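What follows is a single structure, written as structure tokens, with notes after it.
No lab work stands behind these numbers, since they all come straight from the coordinates. In this text the structure is predicted, and so the values were computed from the model without any measurement. Counting neighbours? That spans all protein chains shown, and the Cβs are built from the backbone with ideal geometry, glycine included.
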Amino acid sequence: MNIIITGASNGIGSDIARTLALNPDNRIVGIARSDEKLKVLSDEINQNGDDENFFALPYDLGFPDIAERLVPKILTLMPTIDILVNNAGLLINKPFELMTDMDFDELFKVNVKAPFRLISSLLLFFNRNAHIVNVSSMGGLQGSAKFAGLSLYSASKGALAVLSECLAQEFVDRSISVNALALGAVQTEMLNQAFPGYTAPLKSTEMAKFIADFALNGHKYFNGKILPVSVSTP
């Protein structure tokens, strides 16, 4: 399998990479801003096998030149793609009255526009029966419990979820499946920064195992779905 994971330098993204790399037949490209963290992850994963199967591509997905700068590097490592996990995300916890245009633009740039740009730029290179997994949030799920301070974050994740439904319909003739996973709270560095002292019910490694298995097999059962992945009631 040729697999791309964004936000791969830490948290859920790095744990997804570790899980999928256990199969030496998987060829994984990890994308994140931190060159240093990606190198540490690459060294960790690749030392466990005879051949490299994880490749680090440091890149800021907020940049507008994904097609020109990032995609050619991806294609040198894998000419076609079986799985794309859009895991990279930004969370800003701030009262609505303190939110700014910059907050709005940054949240939607990372959480919605980056997946849009990456999918669009790679569209011609997905294999038939490929699977795109967009990591959304329970906060972006209509009817779920909402939390003060996360208005724009939740709105951006809701937009990503609906985009997933639309793309699944548009890509039917290409045999590309698209699903969104609306995650509940997971113990990650991003969560710790947004909610200091809060203990989530799931560890990053636990959620990563679920997402890795879903990326490999979920499209056999679902397409165009927004699936809650939470131990609590919405």
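Under 5 Å between amide hydrogens, built in the peptide plane, is the criterion, and for I4 it picks out V29, I83, L84, V85 among residues at least 5 positions away or on other chains. Applied to the range 75-87, the Karplus parametrisation 6.51 cos²θ - 1.76 cosθ + 1.60 on θ = phi - 60° returns per-residue 3J(HN,Hα) values of 5, 6, 9, 8, x, 9, 10, 9, 9, 10, 10, 7, 9 Hz, with x for Gly and Pro. State the answer as a single residue: which of T188, G149, G224 lies farthest towards the positive end of the charge dipole of the range 105-234, with beta carbon charges of +1 for Lys and Arg and -1 for Asp and Glu, about the Cα centre. Of the candidates, G224 comes out farthest on the positive side.
In plain terms, the chain from R128 to Q142 could stretch by 1.9 nm, reckoned as 0.36 nm per residue minus the Cα-Cα distance. Quick one: which residues, 5+ away or cross-chain, put their amide H under 5 Å from the amide H of K203? H built at 1.01 Å from N. HN-HN under 5 Å from K203: Q187.
Backbone amide hydrogens, once placed in the peptide plane, bring F126 within less than 5 Å of I81, excluding anything fewer than 5 places away on its chain. The Cβ shell under 9 Å around I3 holds other residues with a net charge of 0, Lys and Arg each +1, Asp and Glu each -1.
Subtracting the Cα-Cα distance from 0.36 nm times the residue separation, let me have the gained length for T100 to S34 in nm, one decimal. Walk me through the numbers on the way to the answer.
Values: separation 66, 0.36 × 66 = 23.76 nm, distance 2.59 nm.
Residue separation times 0.36 nm, minus the Cα-Cα distance, leaves 21.2 nm.
Overall form of the range 92-162: oblate. Here a/c, set by the Cα gyration tensor axes a ≥ b ≥ c, is 1.5 or more, and a/b is not larger than b/c. For the chain, the longest principal axis of the C-alpha atoms and the axis of helix 204-217 are separated by about 60°.
Taken one residue at a time, the phi angles of the range 115-132 give Karplus couplings (6.51, -1.76, 1.60, θ = phi - 60°) of x, 4, 5, 5, 4, 4, 6, 9, 3, 6, 10, 6, 6, 5, 6, 5, 10, 9 Hz. Gly and Pro are set to x. What is the helix-to-structure angle for 35-46, meaning the angle in degrees between its Cα long axis and the longest Cα principal axis of the chain, kept from 0 to 90 and rounded to the nearest 10? Relative to the chain, helix 35-46 is tipped by roughly 50 degrees. Name the shape class, rounded, prolate or oblate, that the alpha-carbon gyration tensor gives for the chain, where a ≥ b ≥ c are the square roots of its eigenvalues, rounded holds for a/c under 1.5, and otherwise prolate holds if a/b is larger than b/c and oblate otherwise. Rounded, since a/c falls under 1.5.
Less than 15 Å from a label point 7 Å out along the Cα-to-Cβ axis of F116: which backbone N atoms in the range 39-72 qualify, by residue? Taking a point 7 Å out along Cα→Cβ of F116, the residues of the range 39-72 whose backbone N falls under 15 Å are 62-67.
Label-point separation (nm) for T76 and R174, each offset 7 Å from Cα along Cα-to-Cβ? Distance between the two pseudo-spin positions: 2.4 nm. Mean residue ellipticity, 222 nm, helices only, the chain: the sum of -39500 (n - 2.57) across DSSP H runs of n ≥ 4, divided by residue count and rounded to 500, is -11000 deg cm²/dmol.
Indicate the gyration tensor shape class of the range 33-85 (rounded, prolate or oblate), computed on the Cα atoms with a ≥ b ≥ c the square roots of the eigenvalues: a/c under 1.5 is rounded; otherwise a/b larger than b/c is prolate and the rest oblate. The shape class here is oblate.
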